Structure formats: structure tokens, C-alpha cells
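Engineer: Dumping the structure here so I can ask a few things about it.
The values are calculated or read from the model by the stated rules, or taken from the named source; none is laboratory data. Computed from a predicted structure; not experimentally measured. All Cβ positions, glycine included, derive from the backbone under ideal geometry; neighbour counts span all protein chains shown. All accessible areas refer to the heavy atoms of the entire protein, side chains included, with ligands and DNA or RNA removed. Shrake-Rupley method; radii C 1.70, N 1.55, O 1.52, S 1.80 Å.
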Amino acid sequence: MENQEKTHKRRIHYSGTHPKSYKEKYKEHDPEKYADTVAKVIRKGSTPAGMHISIMVKEILDFLQIKPGQTGLDATLGYGGHTKEMLKCLQGHGHIYALDVDPIESAKTKERLLKQGFGEDILTVRLQNFADIDLVTKETGKKFDFVLADLGVSSMQIDNPERGFSYKVEGPLDLRMNPMKGESAADRLKKVSYEELVGMLVENSDEPYAQEIAKVIINRRKRGIAIETTTQLKETVEEALRILPKSEQKEMVKKSCQRVFQALRIDVNSEFEVLYAFLDKLPEVLAPGGRAAILTFHSGEDRLVKRSFKELHKAGIYSEVSKDVIRPSAEECARNGRARSTKMRWAIRSNAAFQTDYCTEESERL
């Protein structure tokens, strides 16, 4: 048996000139080996499969003003693009802690950064929710000179049909950042009430047809028709929007699908609750004069960040906050269409002593 020859397994090749399915795009999944193919995809304004193009890198670095010897936090590691650029600024001196709840992608990113020379002497990757940023400072005894939180879903998650983040491809309706914890979006839809579902769609994504979509979902469930896949949820939205003129249906189905998937993703990952906790604890983990930048991708997130920064600035906890939202340049949006909805806000920690009681009280009031 030991001398038995191993069967040669051929790589899956795609027919035609361009790969269509996620698994066929093996060249894009190996950017170091197929750099020309990856570069061509990026030049066309697309994101290569299995990759994520970091947004507003220049604006973030210009604000954070990272210096060698500092300690920082990337609250949402993702593909590690922002982390890599921040690590470069340290010039080998200092440390960055990086958090992520996705066990699949964070392991890949850690290995990728290690191969690029960023080992545990300068980078610590933790499988941890950024709602628990205070645990890092409690364990290390260090506060952060800079903090970055990119609240967007990584392209690797969106593009992989097995994760269920996109209505454009068939896959299980999952939507969990950590597929090993909690309940999937499909399971959530099996038990949610009509009133809860309408509230979820309105509060999480401002869906104008929340009642119509919720009614169809509940009626399907009553008839024993489960919504287990991304395609089935898309078909449900299409059914709900048949009330519209045919000329409007295609565009409105597209927009409503985006909002419905967003609302479900926020719900199953408790994203607003996590953001509340993060904003509440952020001043506590920042060193005096420490800088924090947050990227948001929809109005609900931006409202929370804006309100928190404004209130804590008024209380003297932040010495300065961004007066207006900062947007990516037109050039960046042309290169990367996923950058269009990005908003950046920033805050600078004051030198005053942290008022724990005030922040706790304020977060409850918000």
C-alpha cells in the first residue's frame, strides 16, 4: 500500500476565455503565482476572487500618523491590507494587535502576513470580536496610539458562495461572520415573527418594501416552503415586488435584495450591538492623544459613529472629531466599485482622565 502511486489530480480548468464560477478562478486565488491575471482583474475595476482591496488607505494613514515604536489595533483584520500598510509605518518597531471573528479568513491572513515578514514580534492576530477591545488592553497593559475599524464585509466573504453573503450566486443562506457560532440567516427566517422581520428590514437597511417582503416570507413558511439558499431568498423578494410595474421590477429587486441581505447579516451577527460596545469602550483603550478612524458602509452605522463621536467630544473625552464625513476619491471609486458607499470618521482622544461612568451612561442612552 505504501508503494502505491498517488492518483494525479488535475486542476479544474474553465471553459472559454474567462472563469465564471468561484472555484474556477484559481489564478485569482493565488496572487503571487498569477500576478498578471490578478493585476488585469484589478485594472478592470473588479476585485479578484478570494482577495479584498483595501479602501481609503491614504486617508487613513494620513490621519493616524503612525510612528515607529507605537502600539496599534486593527479591530477588523479581514484580508489584512490596512494592517500591512500600518505595519510598514512602524518600520519594525512597535506592535499591532489585529482582531477578527472569522476563523477561516483570519488564519489565511495571518499566514499571508507572516510570509511577508510580519511575525508575532510585531503582529498579534486574535480570533476575537471587536466588541471586546478592552480585553486586549487589560491583558497586555498597553493602550493604543491608533485604532482602525473597517466595518465593511470583506470581498473574500462576499465572493465565496459557500458563505451566503451575496444574492448573485447560489449558496447556503448563512451570512455569519463566524460560521461556527450562532444561527444562520436561514435558521433565523424559520422562527422570526412578521413584526420582527418588518422591524429588522426597516431598522437595519431602510427597506421601503419591508411589509411586502416580510409577508411573502411568512406566507411561504406557513406553506412549508423553507428559504435555505441565497437564490430562494432572491426569488422571495422577486415575488414580493411583483406589485410594481414590470419596467421597475428588475432594478428594484436588485436594490431590495442588497438591503434584505444586509439587514439579515446585521441581525445574525448582532452588528449594531457590537458597534455600540466598541464605541463605548473605544476611549478607554486609547492612549492620551490616541487616534481612531472608523469606516462605515451604510447609514445606520454612520449615524451611530457620528452620534458617539459628537457626544464624547462635547463631554471632553475626545479633543477633536471629524466635522464632516470623509469619502473616497472619485479615482478610487472608479478603480474599486465597492468603495463607493464608504464613509470615514475619526476622533482624537483627549489627555483628560477617562470618565468610565459617563461613557457607560451615554452608551445606554444612545
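Engineer: Tell me, yes or no, whether the range 317-339 has at least one residue that is outside any loop (DSSP other than H, G, I, E, B), of a type in the set (K, R) and in contact with a Gly (Cβ under 7 Å, 6 or more places away or on another chain).
Structural biologist: Looking for residues that are outside any loop (DSSP other than H, G, I, E, B), of a type in the set (K, R) and in contact with a Gly (Cβ under 7 Å, 6 or more places away or on another chain), one finds at least one in the range 317-339, hence yes.
Engineer: Would you tally the residues in the range 32-68 being open to solvent by 50 Å² or more (accessible area, probe 1.4 Å), at pLDDT 80 or above and farther than 22 Å from R335 by Cβ?
Structural biologist: The total comes to 3.
Engineer: Further, regarding this structure: Could you give every pair whose Cβ atoms fall below 8 Å, whose first residue belongs to the range 310-333 and is without any contact (Cβ under 8 Å) to a residue 60 or more places away in the chain and closer than 19 Å to R349 by Cα, and whose second residue is open to solvent by 80 Å² or more (accessible area, probe 1.4 Å) and among the basic types (K, R), counting only separations of at least 6 or pairs across chains?
Structural biologist: Listed pairs, sorted by first residue: V321/K310; V325/K306.
Engineer: While we're on this one: For residues in the range 316-341 being under 18 Å from F278 (Cβ atoms) and out of contact with any His (no Cβ under 6 Å at 6 or more places or on another chain), which is surrounded by the fewest Cβ atoms within 10 Å (Cβ to Cβ)?
Structural biologist: S322
Engineer: Condition first: open to solvent by 30 Å² or more (accessible area, probe 1.4 Å) and in a strand (DSSP E or B). Now tell me which residues in the range 78-129 satisfy that.
Structural biologist: Selection gives T124, V125, R126, L127.
Engineer: When both residues are 6+ apart or on different chains and their Cβ atoms are under 6 Å apart, which pairs have a first residue that lies in the range 115-141 and is over 21 Å from G81 (Cβ atoms), and a second that is basic (K, R) and in a helix (DSSP H, G or I)?
Structural biologist: D134/K281
Engineer: Just checking: which of the helices (runs of 4 or more DSSP H) contained wholly in the range 179-259 hold 2 or more residues that are in contact with a Cys (Cβ under 8 Å, 6 or more places away or on another chain)?
Structural biologist: 230-240
Engineer: Also, quick follow-up: Just the residues that are out of contact with any helix residue (DSSP H, G or I) (no Cβ under 6 Å at 6 or more places or on another chain), at pLDDT 95 or above and not small (G, A, S), please, taken from the range 285-301.
Structural biologist: Hits for the range 285-301 are L286, P288, L295.
Engineer: Another question about this same structure. Residues in the range 235-253: is at least one within 22 Å of the chain's Cα centre (by Cα) and closer than 16 Å to L201 by Cα?
Structural biologist: no
Engineer: Just give me the residues in the range 185-194 being within 19 Å of F272 (Cα to Cα) and open to solvent by 20 Å² or more (accessible area, probe 1.4 Å), in sequence order.
Structural biologist: R188
Engineer: Take the conditions surrounded by 23 or more Cβ atoms within 10 Å (Cβ to Cβ), polar (S, T, N, Q) and over 13 Å from A149 (Cα atoms) and apply them to S256. Does it pass?
Structural biologist: yes
Engineer: Which number in (1) among the polar types (S, T, N, Q); (2) at pLDDT below 95; (3) in contact with an Asp or Glu (Cβ under 9 Å, 6 or more places away or on another chain) marks the one condition that S270 misses?
Structural biologist: Looking at each condition in turn, S270 falls short on (3).
Engineer: Cβ-Cβ distance below 7 Å, separation of 6 or more or different chains: which pairs start in the range 257-277 with a residue that is over 15 Å from E183 (Cα atoms) and end on one that is among the β-branched types (V, I, T) and at pLDDT 95 or above?
Structural biologist: Note: pairs meeting the criteria are C257/V237; V260/I213; V260/V237.
Engineer: Can you go through E284, E238 and tell me which one is open to solvent by 40 Å² or more (accessible area, probe 1.4 Å), farther than 20 Å from R188 by Cβ, out of contact with any Leu (no Cβ under 9 Å at 6 or more places or on another chain) and touching a residue at least 24 places away in the same chain (Cβ under 8 Å)?
Structural biologist: E284
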